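Report on the following structure.
The values are calculated or read from the model by the stated rules, or taken from the named source; none is laboratory data. Source: prediction; values computed, not measured. Note that each Cβ is placed from the backbone with ideal geometry, even for glycine, and that neighbours are counted across all protein chains shown.
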Amino acid sequence: MITRFNLFLSFIFVFFGCQQKQPEVRVQATIQEGAVNYIKFIDMTQPGLAPDSIQLSLDGTFDFVQNTTEPKDFIFYFNDKEYIRLVLCPNEIVTLTANASNLVSTYQVSGSQESVDVSLIIKRHFRAVGILDTLQQFYLKNQTNPQLAEIVEKLAFLSDSIFSDEKAFLTSFIENNPGSIAAYIALSQKLGLNKQLFTLANDLPYFVMVDTAMASRYNNTVPSKMLHTYIIREKLRLSQENERITNDSIINQAPDVRLPNSLGDTLALSALRGKYVLVDFWGSWCRPSRMNNAILRDTYRKYRNRGFEIYQIAIEHSATNWNNTIKEDKLFWKYQVSGLNYMESNAAKVFGVKTMPANFLVNPDGKIVGRNLYGDDLTNQLESVLKPAPIAKPIIKVASDSIESDTSQKANQ
């Protein structure tokens with residue numbers, strides 16, 4: 001009887017001992033200055049899943065383990081200003097070190113080539129964002145500088161250079177690592193709130209390259225399926241957009257928009273029939289919009305007496321930010337309006353605005369004759385359609401933003 005029982009136990013041990021250990025990913029981390037704090041994490045391969053957290057020990061360490069048969073894409077963070085991103089494949093054991101006061105600059109990872117590649121992308125991206133923020137601060141500090149127009153031109157050049165350099169780096173990375181999840185992450189990078197470095201409309205070959213290579217390397221896994229689904233959806237959207245633009249080219253009638261100004265008075269776009277009107281979508285939070293405002297001031301001064309008007313729609317949720325920015329940027333034209341519903345702006349929807357900033361040039365008959373015209377493109381277009389400048393009469397010249405602002409405010413009252 002004892003012998004049979006021992007044989008039965010032996011069978012149980014052998015049976016369970018022969019079971020394969022379920023694949024897992026493990027992160028062994030040390031975060032200096034992070035003792036007993038909670039670090040949040042979110043699984044990017046499970047859209048909609050709420051963030052979770054794990055508490056660091058007294059010495060700032062934590063051991064994170066999750067069972068998985070597929071690659072995982074995790075973001076770890078203490079706050080929304082910076083983060084660590086790890087792409088982990090099954091059975092990888094990753095060593096992570098960082099300092100809680102500056103996660104991005106200090107984090108180092110080993111044991112996962114995908115995570116190492118992603119860290120290079122993230123760190124370079126944060127450096128570029130930091131430079132752009134510095135340019136923005138410089139611009140804001142020089143609002144009253146008499147050479148603001150020249151400053152804006154130089155800042156725009158620097159901004160474009162940073163954008164170009166960042167895209168060139170990511171393009172090279174994608175070409176050399178097309179099948180990596182890091183390449184998929186590279187395609188999703190943006191500078192600013194809405195300025196994508198890669199778009200399907202402009203960079204389709206790179207999306208197809210990564211999609212094909214990922215399907216071969218990570219076939220039927222969540223990251224691969226997410227990219228493929230995105231490409232299909234965006235192709236459909238672009239097709240519908242092109243169809244809409246084709247139809248617009250036949251009709252091309254600007255939708256009538258009626259929105260309140262800062263005093264609550266409703267101003268209608270249709271009230272400006274008979275003039276060339278630039279319908280300009282902007283926001284106090286949008287750096288390119290703010291830089292373009294300085295150029296628009298000069299454009300409006302030059303052409304307002306030749307049948308030109310600006311109908312500027314702010315994509316905002318804060319009346320305070322909106323009004324303060326109007327004063328800071330010295331926007332003195334009358335038609336400053338906003339529904340103060342931010343990304344739910346109905347005006348943006350009816351005009352088909354997808355990214356910021358955006359503008360539309362409307363002719364005296366209310367038809368759209370130009371889109372996204374900035375700088376010289378707008379000036380050249382206005383020169384070709386507006387009546388000649390009136391002959392100047394001998395008057396005392398008064399040219400002051402503050403006086404123009406006062407005049408505009410009186411006109412609004």
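Points to keep in mind about this one:
- Selected residue (criterion: nearest to residue 284 (Cα to Cα)) from residues of the stretch 183-220 that are surrounded by fewer than 19 Cβ atoms within 10 Å (Cβ to Cβ) and among the β-branched types (Val, Ile, Thr): 199
- Taken over the stretch 134-156, the criterion of being more than 19 Å from residue 325 (Cα to Cα) and at pLDDT below 85 is satisfied by 150, 153, 156.
- Pick from the stretch 1-43, criterion of a type in the set (Val, Ile, Thr) and in a helix (DSSP H, G or I), ranking: modelled with the highest pLDDT: 3
Conditions tested, residue by residue: (1) touching an Asp or Glu at 6+ places or on another chain (Cβ under 7 Å); (2) in the same structural domain as residue 346 (by TED's automatic domain parsing); (3) modelled with pLDDT of 90 or more; (4) under 30 Å from residue 139 (Cα atoms).
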site: 237; (1), (2), (3), (4): no, no, no, no
site: 241; (1), (2), (3), (4): no, no, no, no
site: 263; (1), (2), (3), (4): no, yes, no, yes
site: 279; (1), (2), (3), (4): no, yes, yes, yes
site: 283; (1), (2), (3), (4): yes, yes, yes, yes
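- Near pairs, Cβ below 8 angstrom, 6+ apart or cross-chain, from the stretch 32-61 (in contact (Cβ under 8 Å) with a residue 24 or more places away in the chain) to any residue that is of a type in the set (Lys, Arg): 43/72; 45/72
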